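The values are calculated or read from the model by the stated rules, or taken from the named source; none is laboratory data. Treat the numbers as computed from the prediction; the structure is a model and nothing was measured. With ideal geometry, Cβ positions are generated from the backbone for all residues, glycine too; neighbour counts draw on all protein chains shown.
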């Protein structure tokens, strides 16, 4: 028999522990106590006690551990034997988080964890530096370095929530080094390539995918901001909105004639106030963009963020200064915008190398 009990601590906290009683064997019953190092705000010994909101996640873990202990209790002649490694399953925790609020990157981490462990359970206490190193090495063998970095960052984000809630006492991440981001080539389009896309109506995907991408080429908006854009955020000849990525700031972007033309050609939804109300997820959009690029004769691999890159590089090429571009893109730091300025400078140098020589071998200066 296993019961969960609570010991009163200082500061109105209670330490949960398991009272394990086994009457196996010829001797008298044997009792063991196991403190779980999980602390709650109430004594929940009485089943009718209402669980406080701050304790709900902890109580789920306590219940899971208690049930696991009971399943694994050995009624051998030696009585109860405590299992060395039993705790709440990490993948179950990630799945619970996904059920509350879906997050694509967390889903990818969970899928990769399931593949890496080949169906074996991972308990909270199994997650140490060695485990993280081996899992990261596995990721680097199946996905790109930047993807592996983003997956490990997501892993850290959700695992550290357990520490904040008091479910896990120590996180291994402070001493673990997540692989850094590799330098990647930024995909940008020329004016001619944008025109080629504008004149090509793709055979696959809905029309708003094409319209949204072109709109981003003319405004520099991220996919998340295009997808949530409402008609209230269109004020005369400007877009005035709070970026989804940094909601504390307000960004103002002038609406060029081409951008206005895109909006005018979108069918207005009778109930939904969003401008681009028919956009699927970014993953789906990027698949259709690649098909569209091939149909238009674009040799570059299209993804939605290439439109934002295109807006920045074309704008800087035609004389917008880097500080104005920083405001238009909503960058917090000028260094982020200077990446585009560097691309423009390198492009100018490469174009200058094509300039023919005006002097022949006999000419002198």
| note | Note on region 125-166: residues touching a residue at least 40 places away in the same chain (Cβ under 8 Å), out of contact with any helix residue (DSSP H, G or I) (no Cβ under 7 Å at 6 or more places or on another chain) and not in a helix (DSSP H, G or I) are 128
| Among the candidates 236, 232, residue that is modelled with pLDDT under 95 and surrounded by fewer than 12 Cβ atoms within 10 Å (Cβ to Cβ) | 236
| message | Among the residues that make up region 302-323, is at least one of them surrounded by fewer than 17 Cβ atoms within 10 Å (Cβ to Cβ) and closer than 20 Å to residue 104 by Cβ? | response | yes
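Taking residue 237 as the residue in question, decide whether it is under 15 Å from residue 211 (Cα atoms) and either in contact (Cβ under 8 Å) with a residue 60 or more places away in the chain or assigned by TED's automatic domain parsing to the domain that holds residue 341 (or both). Outline the logic, then answer.
Values: under 15 Å from residue 211 (Cα atoms): no; either in contact (Cβ under 8 Å) with a residue 60 or more places away in the chain or assigned by TED's automatic domain parsing to the domain that holds residue 341 (or both): yes.
No; evaluated as a whole, the condition is false for this residue.
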| query | Restricting to region 167-195, what's the tally of residues that are in a helix (DSSP H, G or I), over 19 Å from residue 105 (Cα atoms) and touching a residue at least 40 places away in the same chain (Cβ under 8 Å)? | reply | 4
| Pick from region 200-223 the residues that are exposed (fewer than 13 other Cβ atoms within 10 Å of the Cβ) and in contact (Cβ under 8 Å) with a residue 24 or more places away in the chain: which of them is nearest to the chain's Cα centre (by Cα)? | 204
| field | Residue count, region 157-172 (criterion: under 21 Å from residue 114 (Cβ atoms) and buried (at least 16 other Cβ atoms within 10 Å of the Cβ)) | value | 5
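Can you give me the number of residues within region 125-139 that are crowded, with 18+ Cβ neighbours inside 10 Å and within 18 Å of residue 64 (Cβ to Cβ)? Steps first, please.
Of region 125-139, the ones crowded, with 18+ Cβ neighbours inside 10 Å are 127, 132, 135-136, 139.
Within this subset, residues satisfying the condition of being within 18 Å of residue 64 (Cβ to Cβ) are 127.
The qualifying residues number 1.
Take region 40-56 and flag every residue that is surrounded by fewer than 17 Cβ atoms within 10 Å (Cβ to Cβ) and either assigned by TED's automatic domain parsing to the domain that holds residue 164 or under 23 Å from residue 11 (Cβ atoms) (or both).
We begin by selecting, within region 40-56, every residue surrounded by fewer than 17 Cβ atoms within 10 Å (Cβ to Cβ); these are 41, 43, 45-54, 56.
Listed by number, the residues that qualify are 41, 43, 45, 46, 49, 50, 51, 52, 53, 54, 56.
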| remark: The lone condition residue 210 fails out of (1) within 30 Å of residue 323 (Cβ to Cβ); (2) in contact with a helix residue (DSSP H, G or I) (Cβ under 9 Å, 6 or more places away or on another chain); (3) modelled with pLDDT of 95 or more is (1)
